[in-house]
Ligand code: ZN
């Protein structure tokens, strides 16, 4: 029998691609009111930033990260990708958001499983949603962004992926990863992870046999990471996934968490990340996101990187 510790409790982070670091920071900090919690480099390509946004401390389930490759041409959302990212906001805040976003982008509203959903895109075309929920935990006075607590984003609500066919993905999600199918409407299937009190515990799958394959570029999602509690649980996931024949990476140290990666059907890239050690491992909570943080093996490149990377203000 599977213990609670060995369930995936929710979304850990989502990583997407932007086409300008400065525009990315302006939109997510000022327009959406998220906190820039970490300014580091892409560990596989240190000449570009890796920017992390989240709540005041980067709680798993609130973390949206970007690889901003300057002037990266737009990609095309499609199968094998997360095709929309949804944040939760208080139901009473949706009117505020509709007006607030009107200066920055077009938006439209629909209803999904009984909740109103406001759709819009970021400056580089990334599909975003705000889901209005009643009974959300009140955002604390520690909210550091420009939004009033009554309006502020409290974390992810869900992510949506698009696939041509669900059968293999459904087997992976339910039989191997332990998600539960909790709702369905037309071609949208909603799967839930175990921690229903935490932000971001839904993964929606849209089944569209005719959808084209996604093309990575500006405004598309690179991968989604799910939460696991600790290193032992992560090793357990690694061996469990490998036993089903999946090709799973070794554990990679991402400094703020440790990660394994594997592909779901149609090349949908999944990661399982540990909750810890978290973002205060190399700077104090009050200073998060203020200065460029480098992993030890890139410190010797700091002068070169600081000169090449645009200075950003969060
Ligand atoms: Zn990741």
Top mean-square fluctuation among 202, 52, 28, Gaussian network model of the chain, C-alpha springs under 10 Å? 28
Quick check: the distance between the Cα centres of region 194-253 and region 61-80, to the nearest angstrom? 16
With a 10 Å cut-off between alpha carbons and a GNM built on the chain, which of 175, 204, 275 moves the most? 175
Would you compute, from DSSP H runs of 4+ residues alone, the mean residue ellipticity of the chain at 222 nm, taking -39500 (n - 2.57) per run and dividing by the full residue count, rounded to the nearest 500? -3500 deg cm²/dmol
Which residue fluctuates most in the GNM of the chain (Cα springs below 10 Å): 169, 244, 180? 244
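So what is the relative contact order for the chain, in percent, with contacts set as C-alpha pairs under 8 Å and at least six apart? Present the calculation step by step, with values, prior to reporting the outcome.
Working: 747 pairs, mean separation 82.5, N = 314.
Contact order relative to length: 26 percent.
Bear in mind that the values in this text are calculations on the coordinates, not laboratory data. Just so it is clear, the structure is predicted and the values come from calculations on it, not from any experiment.
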